[in-house]
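A.B. asks: Take a look at this one; I'll ask things after.
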Amino acid sequence: MNATNEPMGNRFTYLKGEHSNSTILSFGFLYNFVGSCDIALVHRVQDVVQQDWFVEVVSKLDYDAILVMAHMHFSDGLVNVILDAIRAIAGSDMPVQFITGHSHIRAHQMMDEYSSSFEAGKYLDTVGFCSFPIKDRTASTANADAGVDTSGEQEATQPRFEHVFLDSNQQKLADVLHVDVLQTKGGMALTDKIHQTQEDMGLNRKIGCAAHEYRLNVPTSNPKSLFGLYIDKIIPTVLTNHSSELVFVQTTGALRYDLSKGTVLVDDVVIVSPFNDTVYNVSSNIQGQALLDALNIRLHKFASGSFMSSGWAIVTNGFDPSKMYTVYAPHFNAPDVRSRLETVTGKTLGPLQPLISNTTHVEVKTTHLWIDYIEQYWPCDGSADGASSSSWARFNIKQEAKPIVGGMLVGIALVGAWMYVKYTRKARLEYITVDATATEMEQPAETGDAEPNRIV
């Protein structure tokens with residue numbers, strides 16, 4: 001806590017093995033987060049591992065292995081910072097297992113002979129299992145006291161670090177447990193509750209049909225790219241009307257899951273784009289190069305269309321660094337984008353302006369951009385999806401800010417839409433699977449530079 005400099009929870013704990021009688025020293029670390037609220041203070045990892053409490057706990061050596069729960073990419077440099085600090089105190093042969101997350105991938109790597117880092121997917125699409133060795137403190141101490149050199153034995157006996165990725169669906173888990181059907185009373189009750197909640201919120205409303213699947217981790221030039229669909233079709237058609245004067249920017253964490261082929265429900269769209277952020281006019285008269293500098297994007301040529309780079313999705317109908325643009329961004333990104341632009345330009349920009357629809361008179365929301373596009377362009381009669389012209393722009397945006405009235409109207413509209421529209425269609429709860437064979441070290445389809453195949 002910022003006011004007291006006291007931790008919000010325990011800095012560490014000991015886990016006791018029920019069968020092995022082993023003791024596991026366990027820590028929890030967050031990456032070097034800088035966006036905390038005023039009441040919280042996040043210490044840098046580099047500083048924490050030098051603090052007295054950490055050194056004291058690791059120095060006790062009253063444990064058989066160390067487990068580090070780390071909210072960071074499996075190969076983040078901070079993982080090495082923690083491991084190096086442990087090695088300096090506990091030695092090179094203390095087993096250390098990192099359970100990582102944050103980058104939403106399946107990944108594993110050996111850090112050294114006695115340490116590994118393991119990351120098991122996202123949003124419960126994966127059940128991750130790992131095992132790691134423990135250090136025999138009794139034998140090590142006895143041998144050391146007797147002057148016995150066990151280095152040769154340690155080299156002959158390699159530590160075993162194992163890991164498995166399991167698809168998080170009923171059939172896979174039933175196979176692992178060697179049962180035909182995996183059902184429990186509690187599980188069935190929860191499923192019924194989920195089904196009823198979907199019906200009550202209107203999530204089972206059918207809005208269109210997808211001609212094929214769309215996936216997150218494929219290049220945007222691929223016809224099955226979810227981000228390609230978003231930045232090349234949905235935003236240009238529904239929001240910016242293919243304007244060459246507007247640029248929409250958003251971080252790539254906005255989209256969360258693949259979209260399956262076939263019938264598309266509101267529930268499917270919420271899974272893909274759950275945040276429903278209000279879209280803001282960040283500022284007008286922003287030079288293209290200033291925007292690139294603000295977002296740390298290197299663009300070496302004129303961009304003929306939308307592109308992704310450095311963790312950002314940039315929607316544009318041709319991007320010229322020397323040209324002036326009006327910049328749009330969703331609520332999650334808008335304050336940061338404005339702050340970055342102010343730093344780069346040296347100017348104080350005006351307040352953020354929520355975009356108000358001329359047709360619905362409510363604030364424009366990111367999730368509803370998907371719903372409106374699919375309802376308009378993805379009929380279930382087998383016709384091709386996609387918009388090839390700019391003749392239809394669903395929201396016809398007003399530029400003035402109407403935050404209070406807009407907020408009230410959008411609340412009324414959302415509640416009415418969810419609770420009024422109900423279908424008698426059988427409720428469904430689909431278990432979306434990932435590949436049976438885990439893909440390790442899978443990375444998002446983007447690079448530090450804008451994608452070459454999207455630059456002219």
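The values are calculated or read from the model by the stated rules, or taken from the named source; none is laboratory data. This structure is a prediction, so every number in the text was calculated from the model and none was measured. Neighbour counts are summed over all protein chains in view; Cβ atoms, including those assigned to glycine, are modelled from backbone coordinates with ideal geometry. With ligands, DNA and RNA removed, areas are computed over all heavy atoms of the protein, side chains included. Shrake-Rupley method; radii C 1.70, N 1.55, O 1.52, S 1.80 Å.
A.B. asks: Can you tell me which residue within segment 45-72, out of those that are of a type in the set (S, T, N, Q) and outside any loop (DSSP other than H, G, I, E, B), is nearest to the chain's Cα centre (by Cα)?
C.D. replies: In the first step, residues of segment 45-72 are kept if they are of a type in the set (S, T, N, Q); the result is 46, 50-51, 59.
Filter again for outside any loop (DSSP other than H, G, I, E, B), leaving 46, 59.
Numbers: Gln46: 24, Ser59: 36 Å.
Among them, the one singled out is Gln46.
A.B. asks: Which members of segment 314-347 meet the condition of being out of contact with any helix residue (DSSP H, G or I) (no Cβ under 6 Å at 6 or more places or on another chain), free of Cβ contacts under 8 Å to residues at least 60 places away in the same chain and not aliphatic (A, V, I, L, M)?
C.D. replies: Of everything in segment 314-347, those that are out of contact with any helix residue (DSSP H, G or I) (no Cβ under 6 Å at 6 or more places or on another chain), free of Cβ contacts under 8 Å to residues at least 60 places away in the same chain and not aliphatic (A, V, I, L, M) turn out to be Ser322, His331, Pro335, Asp336, Arg338, Ser339, Glu342, Thr343, Gly346, Lys347.
A.B. asks: Is it the case that some residue within segment 276-284 is among the aliphatic types (A, V, I, L, M) and part of a helix (DSSP H, G or I)?
C.D. replies: The answer is no; no qualifying residue exists.
A.B. asks: Kindly evaluate Arg106 against the criterion of being of a type in the set (D, E, K, R), open to solvent by less than 50 Å² (accessible area, probe 1.4 Å) and in contact (Cβ under 8 Å) with a residue 40 or more places away in the chain. Give the steps one after another, and end with the answer.
C.D. replies: On the way: of a type in the set (D, E, K, R): yes; open to solvent by less than 50 Å² (accessible area, probe 1.4 Å): yes; in contact (Cβ under 8 Å) with a residue 40 or more places away in the chain: yes.
Spelling it out, Arg106 is indeed of a type in the set (D, E, K, R), open to solvent by less than 50 Å² (accessible area, probe 1.4 Å) and in contact (Cβ under 8 Å) with a residue 40 or more places away in the chain.
A.B. asks: Suppose we keep only residues that are among the aliphatic types (A, V, I, L, M) and assigned to a strand (DSSP E or B) within segment 195-228. Which one would you say is nearest to Thr316 (Cα to Cα)?
C.D. replies: Selected residue: Ala210.
A.B. asks: Name the single residue that is farthest from Ile231 (Cα to Cα) among those in segment 287-307 being open to solvent by 10 Å² or more (accessible area, probe 1.4 Å) and assigned to a strand (DSSP E or B).
C.D. replies: Gln287
A.B. asks: Just checking, how many residues over segment 268-285 are open to solvent by less than 30 Å² (accessible area, probe 1.4 Å), of a type outside the set (S, T, N, Q) and more than 25 Å from Glu199 (Cα to Cα)?
C.D. replies: Residues that pass the stated criteria total 2.
For (1) under 15 Å from Thr326 (Cβ atoms); (2) touching a Gly at 6+ places or on another chain (Cβ under 6 Å), each residue gets a yes or a no:
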position: Leu259; (1), (2): no, no
position: Val264; (1), (2): no, yes
position: Val272; (1), (2): no, no
position: Phe275; (1), (2): no, no
position: Val282; (1), (2): yes, no
position: Asn285; (1), (2): yes, no
position: Ala294; (1), (2): yes, no
position: Ile297; (1), (2): no, no
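A.B. asks: How many residues does segment 229-272 hold that are out of contact with any Lys or Arg (no Cβ under 7 Å at 6 or more places or on another chain) and in a loop (DSSP other than H, G, I, E, B)?
C.D. replies: 11
A.B. asks: Please determine, by comparing only the residues of segment 327-351 that are outside any strand (DSSP E or B), touching a Ser or Thr at 6+ places or on another chain (Cβ under 8 Å) and not acidic (Asp, Glu), which one is most open to solvent (accessible area, probe 1.4 Å).
C.D. replies: Only one residue tops the list, namely Phe332.
A.B. asks: Out of curiosity, is Ser26 open to solvent by 50 Å² or more (accessible area, probe 1.4 Å) and without any contact (Cβ under 8 Å) to a residue 60 or more places away in the chain?
C.D. replies: No, not satisfied.
A.B. asks: Still on this model: Just checking, which of Val34, Val42 is assigned to a loop (DSSP other than H, G, I, E, B), closer than 23 Å to Ser75 by Cβ, among the aliphatic types (A, V, I, L, M) and open to solvent by 70 Å² or more (accessible area, probe 1.4 Å)?
C.D. replies: Values: Val42 fails: open to solvent by 70 Å² or more (accessible area, probe 1.4 Å).
After applying the criteria, what remains is Val34.
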